[in-house]
């Protein structure tokens, strides 16, 4: 997964009025020291979600018509999770978690070939997603958030999760047809 995922904490210009920070700059970020090499120069869709503590969204991706997601938390704090679903990858089925919060403004690039989800760990969270391709409901895919074959260590500090019916009833990795995943 290293070299594909872009994660950083931006420089903020802070003064008595508040702060200013650059959220996305495709040309500059694509040439970062991490050199993820997959950041597009522009995005075609922007989404904003607001969720309360314990809401778990995911694990989602699109195929066909895959989409990369550039994610930041505008208010609150989330644990963002990516899962490698590229069958030929040496890190297939591996996951990694990144904390995103509004105090530090971290940014995360989730490239094509990865499932994505998050759980809210603050009282409320606003999450902004920039997407490299438009949402395609026919290609919308979902993987069960608690699939034991993946083994994501979701925060136990939450007494219960709030999960949509779609995410609760999502198939396990072993139940997905091979063409739902990436090569």
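The values are calculated or read from the model by the stated rules, or taken from the named source; none is laboratory data. Since we're looking at a predicted model, the values are computed, not measured. As a convention, Cβ positions derive from the backbone with ideal geometry for all residues, glycine included, and neighbour counts pool all protein chains shown.
Annotations
- Exactly one residue out of 70, 19 is at pLDDT below 70 and assigned to a strand (DSSP E or B): that is 19.
- Within the range 126-137, considering residues that are outside any strand (DSSP E or B) and in contact (Cβ under 8 Å) with a residue 60 or more places away in the chain, the one surrounded by the most Cβ atoms within 10 Å (Cβ to Cβ): 132
- Test result for residue 90, in a loop (DSSP other than H, G, I, E, B) and closer than 21 Å to residue 177 by Cβ: no
- Test: residue in the range 103-114 that is in a strand (DSSP E or B), modelled with pLDDT of 95 or more and surrounded by 19 or more Cβ atoms within 10 Å (Cβ to Cβ): yes
- Qualifying residue in the range 161-178 (condition: closer than 30 Å to residue 11 by Cβ and in contact with a strand residue (DSSP E or B) (Cβ under 6 Å, 6 or more places away or on another chain)): no
- The single residue among 56, 39 that is under 30 Å from residue 166 (Cα atoms), surrounded by 17 or more Cβ atoms within 10 Å (Cβ to Cβ) and modelled with pLDDT under 85 turns out to be 39.
- Cβ-Cβ under 8 Å pairs, at least 6 apart or on other chains, the range 89-100 side at positive phi, far side surrounded by fewer than 16 Cβ atoms within 10 Å (Cβ to Cβ) and at pLDDT 95 or above: 93/149
- Candidates 90, 123 - the one that is more than 21 Å from residue 55 (Cβ to Cβ), out of contact with any helix residue (DSSP H, G or I) (no Cβ under 6 Å at 6 or more places or on another chain) and exposed (fewer than 13 other Cβ atoms within 10 Å of the Cβ): 90
- Test: residue in the range 150-169 that is touching a helix residue (DSSP H, G or I) at 6+ places or on another chain (Cβ under 7 Å), closer than 19 Å to residue 87 by Cβ and touching a residue at least 24 places away in the same chain (Cβ under 8 Å): yes
- Taken over the range 170-179, the residue count meeting the criterion of being loosely packed, with under 11 Cβ neighbours inside 10 Å and free of Cβ contacts under 8 Å to residues at least 12 places away in the same chain is 1.
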